[in-house]
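Notes for the one structure printed next.
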Amino acid sequence: PSQKAEVESVKNVLLKSNCVLEAFGNAKTNRNDNSSRFGKYMDINFNFNGDPTGGHINNYLLEKSRVVQQHEGERNFHSFYQLLRGGSEEMLKSCHLHNDPALYLYTREGSAAATSNNDRMNHKAVMSALDVIGFLPEEIRSVNQILASILHLGNVSFASDGENIKILGLDSVKHISELTATDPDSVSKSLLFRTVATGGGEVIEKGHTEQDACFGRNAFAKALYERLFGWIVSRINGIIEVKDYNPVLHGKNTVIGVLDIYGFEIFDSNSFEQFCINYCNEKLQQLFIELILQQEQDEYQREGITWQHIDYFNNQIIVDLVEQQHKGIISILDEACLTVGNVTDTVCLESMNTKLAQHPHYTSRKLNPSDKSMDFQKHFRIRHYAGDVTYSVDGFLEKNKDLLFQDFKRLMYNSTNPVLKEMWPDGQLSITEVTKRPLTAATLFKNSIVALVDKLACKEPYYVRCIKPNEMKSPVLFDDARCEHQVAYLGLLENVM
């Protein structure tokens, strides 16, 4: 194709990729009908004419817990509702689905939620975007089949008959097996048992308790969605990456990076996801302080310019509270996840209380018994640069371990659908080959954010600050106190001065 046609094609793909990533990575929350539940950094390459020639997307911490559970009044990811409300009759039939989200456990909470999203129209736009980007018809079909499998998984439940447990809703198992191109008996087996290798190399099958089976099912559903999302991003990257770049032929290559990432979050109930998101914001604030407030003033000093020194709060102390080796909250969480025996969230909180008792930005009910806004053995509070956030420790260890039984990985790797198989390369290992303990979710996230900050530090930054004018999602209300609070914690006053 001519260079002009190529530029148009790249522009189109870059624009359409946004529509696809929003469908799979955004959801309706109580504060925003189209909230990004993942972070995105995108490099866009330009030639000497200023035309885009390609790009690359990095994604961060998809909030996969939303797949299996949502807060009251919130929805699962848009993609599920778009599939159910916008899918053709023929497509829904082939996926054994009905066009009512209330029929599926994972979409029930959001089925009646009022939203400004038109799922039917958006589904059409996403299908068209996938086509324009260059996804093949069989790949698009596989995407729909994986979404359908997740919905059916949510409707699988278990009952105990004393000794063993059995699956209720075998129709769902049959549908999952058909949609994932796997053997129905293997699907049932993965849901009811886990394969364990003993120290002597013997392989045994261990039957689940009802609780373990529910945990396994939910972990599988979350992993299916996360792998699908990661595959979509890498598929887009494969299409938009700059190919055969030659500086002699193509001239100077300029890169503009765009970071679109979740802002600071304070909800009525804050969990592991908010902890990670707020840590990410602390890291980005640290970079802002360094690049804007520190370096600018150092430059004035070097050049002998007279100016009034601007004081600012350096949040390094909070960053250290979270990420410091051996002492920070992430290290304490990881240590608890590695400890053999029944280490609970409460035990982990005790450990944090002991190790962080003297830290000026950490407290809990045990350390401050008169503060009744926190519960004993449940809450801890971090004084973030943007305000105090109380976190509920319930589920922290489970989300940090992010355990997925190997049986599910092998089940997916053995699928006869090549698209699905490609998403599960680690399923190739047999039970006796899997020895290395994977990194925890918090450590993986920390590593990715450290790499992101390094990448941003070598760029020349421009900030677009979004101020939320009210909590009512109204275009005409302006809440002074709320806006002042945001301006203060974003460091905008120091920035302008």
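Using a cut-off of 16 Å between alpha-carbon atoms, which lysines can reach K93, once sequence neighbours fewer than 8 places away in the same chain are excluded?
K174
For the range 287-380, run through the trypsin sites (Lys or Arg not before Pro) and keep only the ones in DSSP coil with at most 16 other Cβ atoms within 10 Å of their Cβ.
K327, K372, K378
Along the Cα→Cβ direction, 7 angstrom out, place labels at T306 and T432. What is the inter-label distance in nm?
8.1 nm
Using the 2.2 N^0.38 Å rule of thumb for compact globular proteins, work out how the range 303-457 stacks up: its C-alpha Rg over that value, please.
With N residues counted in the range 303-457, Rg over 2.2 N^0.38 Å equals 1.39.
Among the lysines, which fall within straight-line cross-link reach of K459, defined as a Cα-Cα distance under 25 Å, with same-chain neighbours fewer than 8 residues apart omitted?
K11, K40, K243, K252, K283, K446
List the aspartates and glutamates whose Cα lies under 16 Å from the Cα of K401, skipping any in the same chain that are fewer than 8 positions away.
E63, D212, E226, E273, D334, E335, D345
Within the P(r) computed for the range 187-263, what percentage of the Cα pairs occupies the region above 20 Å?
Tail of the P(r) past 20 Å holds 64 percent of the pairs.
Compute, for the range 438-497, the length of the dipole vector about the Cα centre, with Cβ point charges of +1 (Lys, Arg) and -1 (Asp, Glu) only. Units Debye, rounded to 20.
Here the range 438-497 has a charge dipole of around 280 debye.
Given +1 on the Cβ of Lys and Arg, -1 on the Cβ of Asp and Glu, and no further charges, what dipole in debye does the range 45-87 carry about its Cα centre, rounded to the nearest 20?
Rounded to the nearest 20 debye, it is 160 debye.
Over the range 1-102, what per residue volume does the convex hull of the Cα atoms give, in whole Å³?
Taking the convex hull of the Cα positions in the range 1-102, it is 137 Å³ per residue.
Hey, any idea what Rg/Rh is for the range 24-160, computing Rh the Kirkwood way over Cα pairs?
Computed over Cα atoms, the ratio is 1.02.
What are the DSSP H helices in the chain that stretch 18 Å or more along their long axis, judged by alpha-carbon atoms, and whose average Kyte-Doolittle hydropathy comes to at least 1.0?
Those that pass (Cα extent of 18 Å or more, hydropathy at least 1.0) are 441-457.
Measure up K16/K468; K28/K222; K378/K409 against 22 Å on the Cα-Cα distance and list the ones that go over.
The answer is K16/K468; K378/K409.
Explain nothing, just the number: relative contact order of the chain, from Cα pairs under 8 Å at least 6 residues apart, as a whole percent.
Taking the mean separation of contacting Cα pairs over the length of the chain, I get 15 percent.
Tell me which of Y391, N164, F38 sits at the most positive position along the dipole axis of the chain, charges placed on C-beta atoms (Lys, Arg +1; Asp, Glu -1).
N164
Loop-only trypsin sites (Lys or Arg not before Pro) in the range 407-495, please: DSSP not H, G, I, E or B, and at most 10 other Cβ atoms within 10 Å.
Sparse-neighbourhood loop trypsin sites (Lys or Arg not before Pro): K436.
Which one, V67, G54, N281, projects farthest toward the positive side of the charge dipole computed for the chain from Cβ point charges (K/R +1, D/E -1)?
V67
At 7 Å along the Cα-to-beta-carbon direction for both K473 and N447, put a label point, then send me their distance in nm to one decimal.
For the pair K473/N447, the computed spacing is 3.8 nm.
Which GluC sites (Glu not before Pro) does the range 100-169 hold that lie in a coil by DSSP with at most 11 other beta carbons within 10 Å?
Hits after loop and neighbour filter: E163.
What are the semi-axes of the equivalent ellipsoid for the chain, taken as the square roots of 5 times the Cα gyration tensor eigenvalues, largest first, in whole Å?
The three semi-axes for the chain are 38, 32, 23 Å.
Kirkwood hydrodynamic radius, the range 356-403, all distinct C-alpha pairs: what's the number in Å?
Hydrodynamic radius (Kirkwood, Cα only) of the range 356-403 equals 11.6 Å.
Quick one: dipole size for the chain, taken about the Cα centre, charges +1 on Lys/Arg Cβ and -1 on Asp/Glu Cβ, in debye to the nearest 20.
440 debye
Laboratory data are not the source of any read-out in this text; all were calculated from the coordinates shown. Everything quoted here is computed from the prediction, not taken from an experiment. For neighbour counting, all protein chains shown are included, and Cβ atoms are generated from backbone atoms with ideal geometry for every residue, glycine included.
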